[in-house]
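Asks: Have a look at this one before I ask anything.
The values are calculated or read from the model by the stated rules, or taken from the named source; none is laboratory data. A quick note: this is a predicted structure, and the numbers were derived from the prediction, not measured. Please note: Cβ atoms are built from the backbone with ideal geometry, for glycine as well, and neighbour counts cover all protein chains shown. Each accessible area value is taken on the protein alone, full model and side chains, heavy atoms only, with ligands, DNA and RNA left out. Shrake-Rupley method; radii C 1.70, N 1.55, O 1.52, S 1.80 Å.
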2 protein chains.
Amino acid sequence: MICNHLPSAAQSGMARIVSTSLIFNAHQEVDLDRPPAAAKTSNRASRLAESLSHLLHLHVEAPPRTKLLQSHWNPYSDDQDQKHSTPTYSPKEVIAEKWREIHGHCSSEWDCLLDPLHPWLRREIVKYGEFAQATYDAFDFDSFSEYCGSSRYGRDRLFEKLGLTRNGYTVKKYIYAMSHIDMPNWLERSHLVDTTWSKDSNWMGYVALSDDEETRRIGRRDIVVAWRGTVAPSEWYEDMQRKLEPYGQGDAKVEHGFLGIYTGKNESTRYNKCSASEQVMKEVTRLVQWYREKGEEVSLTITGHSLGGALALLNAYEAASTIPNLTVSVISFGAPRVGNIAFRDELHRLGVKTLRVVVKQDIVPRMPGLVLNESLQKFDEVTGTLDWVYTHCGAELKLDVRSSPFLKRGFNLPGFHSLETYLHLVDGFLDSSTTFRSDARRDIALVNKACDMLVDELRIPHFWYQLENKGLVRNAHGRWVKPTRDPEDIPSGSSEQDVHALSLGTQTQDHDVLETQYVI
Amino acid sequence: MICNHLPSAAQSGMARIVSTSLIFNAHQEVDLDRPPAAAKTSNRASRLAESLSHLLHLHVEAPPRTKLLQSHWNPYSDDQDQKHSTPTYSPKEVIAEKWREIHGHCSSEWDCLLDPLHPWLRREIVKYGEFAQATYDAFDFDSFSEYCGSSRYGRDRLFEKLGLTRNGYTVKKYIYAMSHIDMPNWLERSHLVDTTWSKDSNWMGYVALSDDEETRRIGRRDIVVAWRGTVAPSEWYEDMQRKLEPYGQGDAKVEHGFLGIYTGKNESTRYNKCSASEQVMKEVTRLVQWYREKGEEVSLTITGHSLGGALALLNAYEAASTIPNLTVSVISFGAPRVGNIAFRDELHRLGVKTLRVVVKQDIVPRMPGLVLNESLQKFDEVTGTLDWVYTHCGAELKLDVRSSPFLKRGFNLPGFHSLETYLHLVDGFLDSSTTFRSDARRDIALVNKACDMLVDELRIPHFWYQLENKGLVRNAHGRWVKPTRDPEDIPSGSSEQDVHALSLGTQTQDHDVLETQYVI
């Protein structure tokens, strides 16, 4: 069942004038890591974006502060300590018997679980969302770092460093992707002329695997692929050529830029002799074979936010096409449209189940085709089969910024698009007619990690996720220096890429499989 | 001897159009902690300020990168480790025999020591500059902190926390000042409605004292008063009424706003039942008496940057007026003009020696009276005695941003005004005709603590002086919370203000003196 509940944009008159690149530039006003030059272009973009936002009802009016905020979190009340002592996670339930329904693999797909949102499903959505969030939290954005664009932590320490070990998964492989010619601003590059790692590639996500205990709880061995998005949508969006390109079977077409990131490779690079697609498919194939040979049931759950959600769909399509009888689900957050209707139908035919989590005020899920597409979909009978119309796939869980008493109102594109905002709203979602649930436990402070969305009463600084002294430390001589990375956190071309030399079938020769044997 | 080497502003034609408040608004483009609203006004201000900066030759053209940078610090060279292992401080010399000359207390004042700059004097200037810098580094700017506007560290830990114990001084007292009605934006205030500390007062500096070892090295017991300035000049400047007010003897007048900060008090406040003036004078008087009774020679050295340099002059005037035969020196950095010519003459009569360290491209030392004053001073014979003309006092050490190969060129008002930029340039200054000395040792990375002045080749992030996660820490339950301050770092109204109840003379009743007895 396909959901396209997006409001139609009969407001096209003025909206057509505004290019999407301008809309996204608006985020730069609050993007504190942008150089001043970026700010100079923001005023015009901001005004245009704000006009458009009113047309599209993205502007959230300031409401009277609800009582919920007071009951939830009154920083001056005596029970603040008590509030701070509440566990941040809902209790784990054994979902082994129900995991297929939770992942949409039943006749009704997610229909009966979304409104009201089943607590087991809510918990799983948050879990996968945290896997996607990890790709941001660990990413090295420092353009003065020689490892800019890599993960700050090696795969063996990623979850430990980010406090995610409690989810019961282990990272098996890191995925790297190349910059694509049509998305020139997408890649994070080091300013340094000479870097031991790579100027061509970025860390783009990872493959993880449920451990034995989590496997028992969730009823199958779960392989997770988490794709990194971009924090600043403008970086890839404003330069993107909205051009469809054939992918897979029949008339299926997907956005040219997304596909370029997923399939780009180059023999002269260190990390992308194999494409992201080849890296992830080799590892997933290996893991599926390994556990099937052991007689276990295996699932593949692919997650990602923003651009990462788009890559998740491409990845799901490829996995379902090439690995027979694999249960493939996608849980995406704030993802743009990816392909045409034939692509959607192909995913449907292959049995890929997609749950798109969407914040109503976030503009990215309306891309590409903000104006054209949404108008055309009103005449779906006529135009729906045209192969140049972008369409969303799967079920939608629609969230509303206004449901949370903790979030600021107003106009805040990067805030509405932030994955932590999404996870906060999922955590508080009961059903589409109720406001924030009062027993939500997820730490509200997380929302402001990289945006300014929390009301001042909460006393949480904005954009607080930052390194002490931007990573500089004082050495024994009193000088502030950038410490060299721990060897285990340095990306290693050989260990990630030596799989290239090995054929898919020869598992006994595969270093990673041997390692897996040891770990299991 | 009075120096007024400031270039005359015959460029007044256009400059008159531009108000100083607009000039200072330009800093907001790179002030990352300003809310987006501030950025909106910055474009016009920026353009005007840039025009003015060209007129006043504040714009530093990009030069060919000198060889010095390559020889000093090539991040790709093999000797980087060696560079990072160099001590950051020049060796200490015993200056006991020469301290009066170094502090300007000789017939030629500083004339024979400034150009070329005597290495002993250079070292002392940096030492006092670091005392002034400590007032910024420890200041709590966090408007969500219940102690916003205080020092993050108690006075017993200040130097230890900031790595300044090697200077051989101990903090004796913290000074607090009240907001002044004519400088409404000057005070840092907590956003919190209910705070246990103070909404009216800010930590404004401290009194420190040389220990026995340092006292032997420098030839006398040195009392230091360090005054805090403001990081963003606009905050106090754009609202300042440039109005002179009588102060002290005769026709002496000083700027109304500075005097208000120095002398403001209110019985209903917690920290300013005594004014800053009363607090500092009581402590200085006590220390002078104490050490004179022990037969020691005592000096008072007052330092401050920006607004802090202005307060230093007011403080020096009061100290020299009220404590007979005290050797009083002021070493100020980027300080604005403070008073009229009669005030300057009064300081001269009292024997206060003032060394003003000034960066040529910094606009603050040209305030108040950027246009009017500098034009008038060309006709000094006629106008110099008018009591409404601001004038600088003392000797000037003039630094030039262009002398350092490590600093970015272009237009950067907050960068040119930053105290760390000053200290870097002092450290590299040989004489007015030579570029940066090659054996300068001060850590260059410090320059970018709170601005963006270092060339990219150095790989030092801009604005790097920041707390990990803005002070949030993860508690045992996984929640990100603002930890409560250590009790010893919490400002205590009683311990700082109980001196109010005690008369100046009754030293045996004075808690602080008893404490001093124990320490000595």
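Asks: Mind listing whichever residues of segment B:462-473 are out of contact with any Leu (no Cβ under 8 Å at 6 or more places or on another chain), within 7 Å of chain A (Cβ to nearest Cβ), within 22 Å of A:Leu162 (Cα to Cα) and open to solvent by 50 Å² or more (accessible area, probe 1.4 Å)?
Replies: B:Leu467
Asks: May I ask you to list the residues in segment A:476-502 that are open to solvent by 40 Å² or more (accessible area, probe 1.4 Å), at pLDDT 85 or above and either assigned to a helix (DSSP H, G or I) or closer than 21 Å to B:His424 by Cβ (or both)?
Replies: A:His477, A:Lys482
Asks: May I ask you to say which residue of A:Ser277, A:Ser321, A:Ser306 is closer than 30 Å to A:His424 by Cα and not charged (D, E, K, R)? Explain how you work it out, then say what you get.
Replies: Working: A:Ser277 fails: closer than 30 Å to A:His424 by Cα; A:Ser321 fails: closer than 30 Å to A:His424 by Cα.
Among A:Ser277, A:Ser321, A:Ser306, only A:Ser306 is closer than 30 Å to A:His424 by Cα and not charged (D, E, K, R).
Asks: Conditions: (1) surrounded by fewer than 24 Cβ atoms within 10 Å (Cβ to Cβ); (2) at pLDDT below 85; (3) not acidic (Asp, Glu). B:Tyr237 meets all but one. Number of the miss?
Replies: All conditions are met except number (1).
Asks: Right, B:Asp194: at pLDDT 95 or above and open to solvent by 20 Å² or more (accessible area, probe 1.4 Å) or not?
Replies: Working: at pLDDT 95 or above: no; open to solvent by 20 Å² or more (accessible area, probe 1.4 Å): yes.
In short, no.
Asks: Residues B:Thr269, B:Thr263, B:Thr215: which one is at pLDDT 95 or above and either under 20 Å from B:Val328 (Cβ atoms) or not aromatic (Phe, Trp, Tyr) (or both)? Full working, then the answer.
Replies: On the way: B:Thr269 fails: at pLDDT 95 or above; B:Thr263 fails: at pLDDT 95 or above.
Going through B:Thr269, B:Thr263, B:Thr215 in turn, the sole match is B:Thr215.
Asks: Under the condition of being hydroxyl-bearing (Ser, Thr, Tyr) and over 15 Å from A:Val224 (Cβ atoms), which residue from segment A:286-335 is surrounded by the most Cβ atoms within 10 Å (Cβ to Cβ)?
Replies: To start, the set of residues in segment A:286-335 that are hydroxyl-bearing (Ser, Thr, Tyr) comprises A:291, A:299, A:301, A:303, A:306, A:317, A:321-322, A:327, A:329, A:332.
Then keep just the ones that are over 15 Å from A:Val224 (Cβ atoms); that gives A:306, A:317, A:321-322.
Values: A:Ser306: 31, A:Tyr317: 27, A:Ser321: 18, A:Thr322: 11.
Checking each candidate, the answer is A:Ser306.
Asks: To continue, here is another question. Would you mind stating whether B:Ser433 is within 22 Å of B:Val359 (Cα to Cα), in contact (Cβ under 8 Å) with a residue 12 or more places away in the chain and more than 14 Å from every other protein chain (Cβ to nearest Cβ)? Break it down into steps so the answer makes sense when it comes.
Replies: On the way: within 22 Å of B:Val359 (Cα to Cα): yes; in contact (Cβ under 8 Å) with a residue 12 or more places away in the chain: no; more than 14 Å from every other protein chain (Cβ to nearest Cβ): yes.
Judged against the criteria, B:Ser433 is not a match.
Asks: Is it the case that segment A:133-147 has a residue that's crowded, with 23+ Cβ neighbours inside 10 Å, among the charged types (D, E, K, R) and either more than 16 Å from the chain's Cα centre (by Cα) or modelled with pLDDT of 95 or more (or both)?
Replies: yes
Asks: Look through segment B:441-461, keep the residues that are touching a residue at least 40 places away in the same chain (Cβ under 8 Å) and among the β-branched types (Val, Ile, Thr), and return whichever of them is nearest to the other protein chains (Cβ to nearest Cβ).
Replies: That would be B:Ile444.
Asks: Further, regarding this structure: Under 9 Å between Cβ atoms, which residue pairs at least 6 apart in sequence (or on different chains) link something in segment B:85-113 that is on the phi > 0 side of the Ramachandran plot with a partner that is at pLDDT below 85?
Replies: Filtered contacts from segment B:85-113: B:Glu109/B:Met1.
Asks: Between a residue in segment A:406-420 that is closer than 17 Å to A:Asp443 by Cα and any residue that is open to solvent by 10 Å² or more (accessible area, probe 1.4 Å), which pairs come within a Cβ distance under 6 Å, given they are 6 or more apart or on different chains?
Replies: The qualifying pairs are A:Phe406/A:Ile444; A:Leu419/A:Gln133; A:Glu420/A:Leu446; A:Glu420/A:Lys449.
Asks: If you go through segment B:332-357 one residue at a time, how many are assigned to a strand (DSSP E or B), touching a residue at least 60 places away in the same chain (Cβ under 8 Å) and of a type in the set (S, T, N, Q)?
Replies: So the count comes out to 1.
Asks: Limited to segment A:402-427, what total is found for residues that are assigned to a helix (DSSP H, G or I) and either modelled with pLDDT of 95 or more or open to solvent by 20 Å² or more (accessible area, probe 1.4 Å) (or both)? It would help to see each step written out before you state the result.
Replies: Initial filter on segment A:402-427 (assigned to a helix (DSSP H, G or I)): A:402-403, A:413-417, A:419-427.
Within this subset, residues satisfying the condition of being either modelled with pLDDT of 95 or more or open to solvent by 20 Å² or more (accessible area, probe 1.4 Å) (or both) are A:402-403, A:414, A:419-427.
Counting residues in segment A:402-427 that are assigned to a helix (DSSP H, G or I) and either modelled with pLDDT of 95 or more or open to solvent by 20 Å² or more (accessible area, probe 1.4 Å) (or both) gives 12.
Asks: Assuming B:Arg100 fulfils every condition listed in (1) over 26 Å from B:Gly394 (Cβ atoms); (2) surrounded by fewer than 19 Cβ atoms within 10 Å (Cβ to Cβ) apart from one, which condition is it?
Replies: Every listed condition holds for B:Arg100 apart from (1).
Asks: Among (1) at pLDDT 85 or above; (2) surrounded by 22 or more Cβ atoms within 10 Å (Cβ to Cβ); (3) hydrophobic (A, V, I, L, M, F, W, C), where does B:Met281 come up short?
Replies: So B:Met281 meets the others, but not (2).
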